[in-house]
1. What does the accessible area per residue of the chain come to in Å², with a 1.4 Å probe and no ligands, DNA or RNA counted?
2. Local charge sum around Glu173 (other residues, Cβ-Cβ under 12 Å, Lys/Arg +1, Asp/Glu -1)?
3. If you work out Rg/Rh (Cα atoms, Kirkwood Rh) from the coordinates, which of (1) 1.06; (2) 0.93; (3) 1.19 do you get?
4. Mind checking the full-extension length gain between Glu60 and Glu173? Use 0.36 nm per residue of separation minus the Cα-Cα distance, one decimal, nm.
5. Kindly express, to the nearest 10 degrees and within the range 0 to 90, the angle between helix 91-101's C-alpha long axis and the longest C-alpha principal axis of the chain.
6. On full extension of the chain, what length is gained from Asp156 through Arg44, given 0.36 nm per residue of separation minus the C-alpha to C-alpha distance?
7. Could you work out [θ]222 nm for the chain from helices alone, using -39500 (n - 2.57) per DSSP H run of at least four and dividing by all its residues? Round to the nearest 500 deg cm²/dmol.
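The values are calculated or read from the model by the stated rules, or taken from the named source; none is laboratory data. Note that this is a predicted model, so its numbers are computed, not measured. Cβ: placed from backbone, ideal geometry, glycine included. Neighbour counts: every protein chain shown. Just the protein is used for accessible areas: all its heavy atoms, side chains included, with ligands, DNA and RNA removed. Shrake-Rupley method; radii C 1.70, N 1.55, O 1.52, S 1.80 Å.
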Amino acid sequence: IPAYNVETTIIDALESILAQTYKNIETIIVDDGSADNTLEVVRRFIADKPFMYVYTKENEGVAATRNYGFQFVKGKYLLFLDADDLIDPRFVELSIEVFNRQPDVDIVTTQLRHFERVNNVYAHAPFSLENILKGNCFVITSMVKSEAFKEIGMFDITMSFHEDWEMWIRMTEKYNNVFRIDEPLFWYRKRRSQDSLCD
C-alpha cells in the first residue's frame, strides 16, 4: 500500500484487509513522505497487528513507492492496494482459490465498484494481447505472482501516469494467462474532491 497524505482514508483500506476471509496475509504500507499525519495514524493502527508493517521514505511518487515496498514482500502472491481504495472481504480467498485450482494462471483480476462520489460497477475490456495495447485491461489491484513482477522489472519509476498500464503491457508479454472473476471485488474510491489523476 503506497501512502501519501491519506490520513482520512488509509484506515478504511487497512480495515478491508483485516476483514478478509483468507487470513494468511502480510500487509506492507509505505509512507511516501506524507506531509499530514498518515504515518502516525498508521503506526497507531498497526501497533497490535503483527502482520502489518509500515516503512517510510522521501516522496518519490506511486511507482517508486510500490517498487520500494516490494523489497519487503515474502509472499508467493502480490496485491497492490491504494490507500484510498478497498477490497471485498472475499477478494484474497477467491483469488487464491483460482491459483490453487489453476496453477498456470498468471494474473487474477476482477470487476471494480466505484464508491463515494460515483456508485456503479465497471469491468475493463477483456484481456487480449491486442486489447492491452489499446487500453488498460486491468485494475492495479489484481493478484499476480511475486516472482513474475520481479522478473519483468517492476514499475517504471520515470512514469507519473499510466505506470500501471505500462507495467501490465510488459507483464502480459510473457505472463498472459489471465483469469477474471466477474464480480466487483475491488472498490475504487471516486473522491468527492475530484483531485485524483483519473479525474
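1. 51
2. So the surrounding residues net to -1.
3. (2)
4. Length difference between fully extended and current span is 38.0 nm.
5. 30
6. 37.1 nm
7. Helices in the chain give a 222 nm mean residue ellipticity of -8500 deg cm²/dmol.
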